[in-house]
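Values in this text are rule-based calculations from the coordinates and carry no lab data. Worth saying up front: this structure is predicted, and the values here are computed from it rather than measured. Here the Cβ positions follow ideal geometry from the backbone for every residue, glycine too, while neighbour counts run over all protein chains shown.
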Amino acid sequence: MAITKDRIALTGNEAIALAMKQINPDVCAAYPITPATEIMQIFASYVADGAVDTELVAVESEHSAMSATIGACAAGARSMTATSSQGLALMWEMLYIAAGLRLPIVMPMVNRALSAPINIHCDHSDSMGARDSGWIQINSENSQEAYDNLIQAMRISEHPDVLLPSMVTFDGFIISHCMEPVETYSNEAIQEFIGAYKAPYALLDIDNPITVGAIDFHDFYFEHRRALAEPMLNTVIPVVEEIGREFGKKFGRTYELFETYKLDDAEVAIVVLGSTAGTAKVVIDELRAKGVKAGMLKIRLYRPFPYAQVAEVLKNVKAVAVLDRSDGLAGFGGPVFGEIRSALYDLPKRPITTNYVYGLGGRDVTLAHIASVYNDLLAIVSEGAPQNLVNYLGVRE
């Protein structure tokens, strides 16, 4: 049966709020933070208008928002919230609890710089800080991907072989507040795709009582953490691939672990996350017109990191630049750089790999910036080694 589609102009926040409406969670906890406030503001209007059946819980902080979401999900409810930046940081301890309890919470997360200094604009320091908390992380280039990813995330998290929380990230203001065409689907089609949720264990199932949040010393803590790692190691990636293909069959857009752009025969390539991929594609097209074999790898699934698949698609590239919109502050570049270098390490002949930290606090990344990275890569291929392993792109030195 053909799926009804509407193409409408939406901001990223509007697209996400619409997807949440169509998912129609049982419980949603809300606390505002720029630039994610609008998501809950719009969703609250859906609740007030009776457009969803959701119990909206207004809480006093982001820590409380995640706590309430954890409680609702543990009780057996399909549960969501949304946040950004300092809000995610305030949730910190609760992120680990959500993952450790294997709760399939889904959370839109609008990327914004962490203080200090105080900044409300985009970089990826917030989600990167939470990369080892046990949450699946799915990145979005634009509003369409954010909308589609949120719908898929519900299926991924609730898959019986996964049962882990997911955050769907998209760039603050650049995507969250900018309007672009988004192809949307009917409520019925999305409900059919995600299906009903039946928690395998629930606090309110009084006929099958369980313990939640028990203390766990050295006798069993290690085993429980290893059990938490198991789906990340072996299950999530094939489930993401399966659901991405199923989404494509139903709605016409198939999603993979990552997107490659003119990478098949590329000699030089960059690795990016988020909205910068759109800028890079323009530069790549210009370089290709000049005969330069430039390409790009855009990471969609960042946690768990698909290292084997990444190594496979980059193995024939001569030089790779990893663009990090956050700084690891560790003297060895940003977090994505470390992941990529590790993924490439065991290749018999690995690409020369360098790092560019860029766009912190919302600093613009221009076509000229991306072009300069490709020029550096061409020089590296010619000279056989980079001048600097870690570079800061667009900063006033």
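Some notes on this structure:
- Counting only DSSP H runs of at least 4 residues, each contributing -39500 (n - 2.57), and dividing by the residue count of the chain, the helix-based mean residue ellipticity at 222 nm comes to -12000 deg cm²/dmol.
- Net charge of Cβ neighbours under 11 Å - reference LYS281; Lys, Arg +1; Asp, Glu -1: -1
- Peptides ranked, highest mean first, by Cβ atoms within 10 Å: ranges 307-313, 87-93, 115-121: 87-93, 307-313, 115-121
- The long axis of helix 221-230 is offset from the longest Cα principal axis of the chain by roughly 70 degrees.
- Distance distribution note for segment 89-235: the fraction of Cα pairs above 19 angstrom is 61%.
- Whole-Hz ³J(HN,Hα) from phi, Karplus 6.51 cos²θ - 1.76 cosθ + 1.60, for segment 345-362, glycine and proline x: 4, 8, 5, x, 9, 9, x, 5, 10, 10, 10, 10, 7, 8, x, 5, x, x
- Residue list for segment 350-368, given a label point 7 angstrom along the Cα-to-Cβ vector of ALA330 and an amide N cut-off under 16 Å: 355-357
- Under the shape rule built on the C-alpha gyration tensor, where the axes satisfy a ≥ b ≥ c, segment 258-393 is rounded, since a/c falls short of 1.5.
- For segment 199-243, a/c is not less than 1.5, where a ≥ b ≥ c are the root eigenvalues of the C-alpha gyration tensor, and a/b does not top b/c. That puts it in the oblate class.
- Think of the chain as a dipole: +1 on every Lys or Arg Cβ, -1 on every Asp or Glu Cβ, centred on the Cα centre; then among PHE337, TYR46, MET91, PHE337 lies furthest on the positive end.
- A simple packing score, the average count of other Cβ atoms within 10 Å per residue, orders the peptides 209-218, 272-281, 373-382 as 272-281, 373-382, 209-218, with the highest score first.
- Rounded to the nearest Hz, the phi-derived 3J(HN,Hα) couplings of segment 2-17 under the Karplus curve 6.51 cos²θ - 1.76 cosθ + 1.60 (θ = phi - 60°) are 5, 8, 6, 10, 10, 9, 10, 8, 9, 7, x, 5, 5, 4, 5, 4, where x marks glycine and proline.
- Shape of segment 13-131, Cα gyration tensor, a/c cut at 1.5: oblate
- Taking packing as the residue-averaged number of other Cβ atoms within 10 angstrom, the listed peptides 8-19, 161-172 run from highest to lowest as 161-172, 8-19.
- Taken along the Cα-to-beta-carbon direction at a fixed 7 Å, the label points for GLU93 and GLU188 span 4.8 nm.
- Environment charge of GLY333, counting only residues whose C-beta is closer than 13 Å and scoring Lys/Arg +1, Asp/Glu -1: -1
- Total charge dipole magnitude, segment 258-393, about the Cα centre, Cβ charges on Lys, Arg, Asp, Glu only, Debye to nearest 20: 140 debye
- Within-15-Å neighbourhood charge of LYS249 [Cβ basis; K, R +1; D, E -1]: -1
- Karplus-derived 3J(HN,Hα) values for segment 270-275, using 6.51 cos²θ - 1.76 cosθ + 1.60 with θ = phi - 60°, are 10, 10, 9, 10, x, 5 Hz; glycine and proline are entered as x.
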